[in-house]
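Comments concern the structure below.
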Amino acid sequence: MAQPDKRALLAEGLAAGDDDTALHGRLTRAGISAAAAKYEIDRLGKDPMAAMLRRQAARMAKQGWLLANQQRLAFGAEGGFALDICDQPDPDAFYRRYYEANRPAKLTGIIDHWPALHRWSLDHFVAVAGNAAVEAQVERERDPDYELAKDGHRRLVRFGELIEWLRRDEASNDVYLTAYNSGANAAALAPLWDDLAPVALLEPRERDGFFWLGPRGTLTPWHHDLTNNLLVQVIGRKRVRMAPPWAFARMRNSRHCFSDWGNEPLPAGEGDAERPPVLETIIGPGEGVFLPVGWWHQVEALDLSASMSFTSFRRANDHVEDYASFGFIG
């Protein structure tokens, strides 16, 4: 029978915040003699790495307590843990109540003045840019890490051919023109921006925003963004599920900004010891959702869908400079 790795057991215990008694129990339960366990624990008193692990575990426990308090406050709020719906929100009130408070909201009446709401259709897309070469994400269904490996799924296609494929109205997650393709498509799809107009909540910018187009069935798996985002729907409907930053421990984050829950349809509600609390909404044409930085979300197209997203808020929105968790986390 293989001898248990004592140092691995000690490291696990220290990271979990075990005191000496708990560490001793962890070792003896693994088959290590009481005398050997005592010897190993006595050695930890002179180990600077063990002291640092203990300090780090204490910091993490304090952070966990703070996050638990945020959950208690959210659940105890008037109306409970719920998503506000705001019609034609006043910009000052929006920034005070949602942007600065890091709270999501469903927004209506913010793009009623867009010509795109009555102009955009597959026929319109063909008429204005059908012959243009555009970049899209393709062959996503063969790759469980399609979102993390976005660069490997970029392909150039003729916009008109993509539209003809969309006319089949088949559910698929295989082809999706996303915000990640926006840089490559800026010139090709420029005529579509003639159908947009300034949004009162945003800084007025020329040719602003990111275009999304895909069939029903496209899925953006659970992740958090590194900016605040406004997602608005022009054609079709999308289901948006959101989980708060204070549920970090239950979001199973092991790589970059992605959750190991992937495309799991986590149910709306307050969650439990294993599953995070989740807010859910469906946005249709003319509706949008504010997705604050750090909020986990999953987006599913329920119909053929065309959307726009924006990051050009009237407040600072650069949260990438001090982000350092691009690789493996835990």
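Overview of results
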read-out	value
Enumeration of residues in the stretch 257-308 that are part of a strand (DSSP E or B) and either under 18 Å from Pro215 (Cβ atoms) or acidic (Asp, Glu) (or both)	Glu280, Ile282, Ile283, Glu287, Gln298, Val299, Glu300, Ala301, Ser305, Ala306, Ser307, Met308
The stretch 264-302: number of residues that are at negative phi and either aliphatic (A, V, I, L, M) or crowded, with 17+ Cβ neighbours inside 10 Å (or both)	27
Yes/no for Pro115 being modelled with pLDDT of 95 or more and touching a helix residue (DSSP H, G or I) at 6+ places or on another chain (Cβ under 8 Å)	yes
Hits in the stretch 53-91 - residues which are at positive phi and in a helix (DSSP H, G or I)	none
Failed criterion for Ala82 (all others in (1) surrounded by 14 or more Cβ atoms within 10 Å (Cβ to Cβ); (2) of a type in the set (A, V, I, L, M, F, W, C); (3) in contact (Cβ under 8 Å) with a residue 24 or more places away in the chain hold)	(1)
Out of Glu12, Glu40, sole residue that is assigned to a helix (DSSP H, G or I), over 30 Å from His319 (Cα atoms) and touching a residue at least 24 places away in the same chain (Cβ under 8 Å)	Glu40
Counted residues, the stretch 15-25 - those being surrounded by fewer than 18 Cβ atoms within 10 Å (Cβ to Cβ) and assigned to a helix (DSSP H, G or I)	6
Tally of residues being in a loop (DSSP other than H, G, I, E, B) and either touching a residue at least 40 places away in the same chain (Cβ under 8 Å) or crowded, with 18+ Cβ neighbours inside 10 Å (or both) across the stretch 188-235	19
Candidates Glu287, Glu274, filtered to the one that is out of contact with any His (no Cβ under 9 Å at 6 or more places or on another chain), modelled with pLDDT of 95 or more and farther than 23 Å from Arg237 by Cβ	Glu274
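The values are calculated or read from the model by the stated rules, or taken from the named source; none is laboratory data. Here the structure is a predicted model, which means the values were calculated and not measured. Neighbour counts are summed over all protein chains in view; Cβ atoms, including those assigned to glycine, are modelled from backbone coordinates with ideal geometry.
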